[in-house]
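Before we start, here is the structure in question, set down as structure tokens.
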Amino acid sequence: MAVARRQRLRRGGAAVLEMGAIAALYYGSARLGLLQQLVRGQVTPLWPPSGIAVASLLLRGPRVWPGIALGAFLVNIALGPSLPAVLAIAAGNTLAPVCSYLLLRRAGFRTELDRLRDALALIFLGAFTGMLVSATTGSGTLVLAGVLSSGDFWPTWSVWWTGDAMGVLVVTPVLLVLRRARLPRNAPPYRWAEGLLLLAATAGAGVLVTGHTPLLFLGFPLLIWAAFRFQLAAAAPCALAVSTFAIIAGTERSGPFAGRGLLTEMITLQAFNGSAALTALLLAAVISERNESEREIARACSQLARMAARIATGDLHSMVSGDPASEREAEPPRARKRPQRRKKPSPQT
């Protein structure tokens, strides 16, 4: 009994630490996201906590939802107009990733994101559908609390929804990649050089995008390069970097956002971020599927070549089973000698 009690306490302590870490990540990423706020100091074009919450549920299971709820409460307690409004917004921010998780699990989502169906599920179920809960709950709460007028509901709702959806599309894939990140073994030097060149090109594009020239389109060649050559391992971080550069340019009213109103800026910014995320996810998934198909075809051709070689040598059964014992069993039975009948001695006459 004492051993079982210690094990339960150890598991409970680990669960509490895990939830505390998720709450801390949620809170820290929220503070970073609020640096780029556009509406009432708490609605941003990219909300990283939503991506962290969905990734936490996918990787650790639904038992971590209290950590998400705690992080959402700590973030909104300093922003909300009243305690009931804070509780309602925190509940919406918790229910939204939980709904995304349930929808993704229902669709058979795999965290490897190496199939086109997984990318489509994350886009349409995890991001666009699940985040409707938080946007509707949060915007409605602000209107009911008297913070926003009824005419501001839909502009706030659109910014809230797209910000949460962009958090799932941009941040969740990066966290799923980091979970499986390993240093490549026996990678040739030119692959390392290509990766460093991609990193330098992304940084250079960021400098140009956040400048005074409208060069947002420079991000798309980088996304295509990353997806074709490194799949999701490079496409997801590249999409996050490109979206971050665009948000910085939008909040500073530089580049293509100079002299634009809030509505026009949000449409341009979220259209760009959505296009970048969709390009990275879909292209990386398609390339991963193509590579896996090529490997399967290569394995099938190799097996067929071995089969043909064994057929040519007459070793058909060993080709199929590959078992020496089976080969011995498959040997054609030797012709048995029929016992010769003894001739009965003829009666002596």
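The values are calculated or read from the model by the stated rules, or taken from the named source; none is laboratory data. Just so it is clear, the structure is predicted and the values come from calculations on it, not from any experiment. All Cβ positions, even for glycine, are placed from backbone atoms using ideal geometry, and neighbour counts span all protein chains on display. Heads up: the accessible areas ignore ligands, DNA and RNA and are worked out on the full protein's heavy atoms, side chains in. Shrake-Rupley method; radii C 1.70, N 1.55, O 1.52, S 1.80 Å.
Quote the Stokes-Einstein diffusion coefficient, in whole µm² s⁻¹, for the stretch 98-212, based on the Kirkwood radius over alpha carbon pairs, a temperature of 4 °C and a viscosity of 1.567 mPa s.
75 µm²/s
Another question, then. Solvent-accessible area of Glu112, probe 1.4 Å, all protein chains present, reported in Å² to the nearest ten, please.
70 Å²
Taking the radius of gyration and the Kirkwood hydrodynamic radius from Cα positions alone, what is the Rg/Rh ratio for the stretch 163-281, to two decimal places?
That ratio is 1.01, to two decimals.
With each label point set 7 Å from Cα along the Cα-Cβ vector, what nm distance links Arg191 and Ala258?
4.3 nm
Sticking with this structure for a sec: Can you give the FRET efficiency for Ala305 and Ile267, using 1/(1 + (r/R0)^6), R0 = 51 Å, r = Cβ-Cβ distance, to the nearest 0.05?
About 0.35, to the nearest 0.05.
Please state the shape class of the stretch 1-158: rounded when a/c is under 1.5, otherwise prolate if a/b exceeds b/c and oblate if not, all from the C-alpha gyration tensor.
Judged from the Cα gyration tensor, the stretch 1-158 comes out oblate (a/c at least 1.5, b/c at or above a/b).
Percent relative contact order of the chain, based on C-alpha pairs within less than 8 angstrom and at least six residues apart?
16 percent
Along the three principal axes, how long is the stretch 61-129 when you take its alpha carbons, biggest first, rounded to the nearest angstrom?
So the three principal-axis extents are 44, 23, 16 Å.
Using a 1.4 angstrom probe, figure out how much accessible area the chain has per residue, in square angstrom, rounded to the nearest whole. Provide the component values of the computation, followed by the final result.
Details: 19680 Å² over 349 residues.
On a per-residue basis, 56 Å².
So, how do all the Cα-to-Cα distances of the stretch 226-298 break down into 5 Å bins, in percent, from 0 on up?
3, 17, 21, 16, 12, 11, 8, 5, 3, 2, 1, 0
At 0.36 nm per residue, and after removing the present C-alpha to C-alpha distance, how many nm does the segment from Ala21 to Leu34 gain when stretched out fully?
Values: separation 13, 0.36 × 13 = 4.68 nm, distance 1.99 nm.
Gain on extension, Ala21 to Leu34, equals 2.7 nm.
With a 1.4 Å probe and all protein chains kept in place, how much accessible area does Leu113 have, in Å² rounded to the nearest 10?
Approximately 10 Å² of Leu113 is accessible to the 1.4 Å probe.
How high is the relative contact order of the stretch 160-302? Use alpha-carbon pairs under 8 Å, at least six apart in sequence, and give a whole percent. Each step should come with its number before you reach the end.
Details: 128 pairs, mean separation 42.5, N = 143.
Across the stretch 160-302, relative contact order equals 30 percent.
Rounded to whole Å and sorted largest first, what semi-axes of the equivalent ellipsoid does the C-alpha gyration tensor of the chain yield via the square root of 5 times each eigenvalue?
After diagonalising the Cα gyration tensor, the semi-axes are 59, 29, 17 Å.
Another question about this same structure. Mind ranking Trp154, Trp225, Trp192 by accessible surface for me, highest first, 1.4 Å probe?
Descending order: Trp154, Trp192, Trp225.
Based on the mean of other beta carbon atoms within 10 Å per residue, what is the order of 274-286, 95-107, most packed first?
Highest mean packing first, the order is 274-286, 95-107.
Continuing with the same structure: For Leu178 and Arg5, what does the FRET efficiency come to when R0 = 45 Å and r is the distance between their Cβ atoms, rounded to the nearest 0.05?
For Leu178 and Arg5, the calculated efficiency is 0.80.
How far is helix 262-312 tilted off the main Cα axis of the chain, in degrees rounded to 10, range 0 to 90?
Compared with the principal axis, the helix lies near 10 degrees.
Going from most exposed to least, what order do Asp164, Asp152 have by accessible area with a 1.4 Å probe? Mind dumping the intermediate values first?
Numbers: Asp164 5, Asp152 70 Å².
Accessible-area ranking of Asp164, Asp152, largest first: Asp152, Asp164.
Alpha carbon centre of the stretch 41-118 versus the stretch 220-290: separation in Å?
Rounded to whole Å, the Cα centres lie 22 Å apart.
Here is a further query. At a 1.4 Å probe radius, which order do Phe220, Phe257 fall into by accessible area, largest first? Before the final figure, lay out each step's value.
Details: Phe220 60, Phe257 0 Å².
My answer, sorted largest first, is Phe220, Phe257.
Which residues does a label at Ser149 reach in the stretch 43-70, if reach means a backbone N under 20 Å from a point 7 Å past the Cα toward the Cβ?
Answer for the stretch 43-70: 43.
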